[in-house]
Amino acid sequence: MHRAPLLFAAALTLLAPAVQADQPPASVGVEERLGATVPGDVALHDEQGRPVRLGDLLGKPTVLTLNYFRCAGICSPLLNGVVDVVKKSDMVPGRDYQILTVSFDPSDGPDLAARKKANYIKQLPVTFPEEAWRFLTGDEAQTRRLADAVGFGYKREGDEYVHPAAVFILSPQGKVTRYMYGITYLPFDLKMAVAEANAGRTGPTINKLLRFCYSYDPKGRRYELAITRIAGVFTLLLAGLFAATVLVRRRASASGGGGTA
């Protein structure tokens, strides 16, 4: 009986339920819709309260984030991650790409959007053009249309929202070409995603597995690295490898002993 494969399978089995149990509710998460086109007639407001249409803001590769501006959980770390990757990238914002941050909370207004924008713009180099990162608001029906178009599932719980952490890359024509998960991003990944978007090509989600390395905390409404769970799984895998090594050596010894008898 081959025990090592069974131990290996058991380790994977233990990992799978843990991942499922720690995922957000079914209505919350990301359903990838690569190749879908966002509705250009979504009506929003800019930081000065002026009405704008989503389609009129496109025209170049776009990094889209969906947040709400009162979020005390992963929204700020996600936007900080955007700031960090912009600072490390050698691309030119406003020319090579732009960023749109849209609030899905209808209680967020242009004044709050303007303050949020100011907070993040000041973290960037003085050469960063302010028009390269727009902070937009809108009513629930309009922002929900945008969220649905990119497969972003969220729900309200009291005065807060439960939602995933993801960034969406759009082509100049508004096609969804790439998903980037988590709250930190590599400059190379962003550059490749922007290049694909500019060409209108969709790209695979290389780091999609990162979602499974984070436990969802419904009370704190944030994702936390599941160190204990990951360590436990690796311990089981190592135990399986050790058992396999022992079995192989015993069989080798038994075969050797039989040959000399």
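The charge dipole of the range 91-208, taken about its Cα centre with unit charges on the Cβ of Lys, Arg, Asp and Glu (plus for the first two, minus for the last two), comes to roughly 420 debye.
Remark: spin-label model distance R95-R115 equals 3.5 nm, labels positioned 7 Å along the Cα→Cβ axis.
Across the range 25-206, Cα pairs under 8 Å and at least six residues apart give a relative contact order of 34 percent.
Report the relative contact order of the range 41-103, percent, no decimals, based on alpha-carbon pairs under 8 angstrom and at least 6 residues apart. Don't skip to the end; give the middle numbers.
On the way: 54 pairs, mean separation 24.9, N = 63.
Relative contact order for the range 41-103 comes out at 40 percent.
Extension gain, E160 to E140, is 5.8 nm, computed as 0.36 nm per intervening residue step minus the present C-alpha separation.
I'd like to know how the range 25-206 sits against the 2.2 N^0.38 Å rule of thumb: what's its Cα Rg over that expected value?
Working: Rg = 14.8 Å, N = 182, 2.2 N^0.38 = 15.9 Å.
Taking N as the residue count of the range 25-206, the ratio is 0.93.
Close Lys pairs in the range 25-206 (alpha-carbon distance under 19 Å; sequence gap of 8 or more, or different chains): 9.
Rule-based calculations on the coordinates, nothing more; no lab input. Quick caveat: nothing in here was measured; it's all calculated off a predicted structure. A quick note on method: Cβ atoms are made from the backbone with ideal geometry, for glycine too, and the neighbour counts reach across all protein chains shown.
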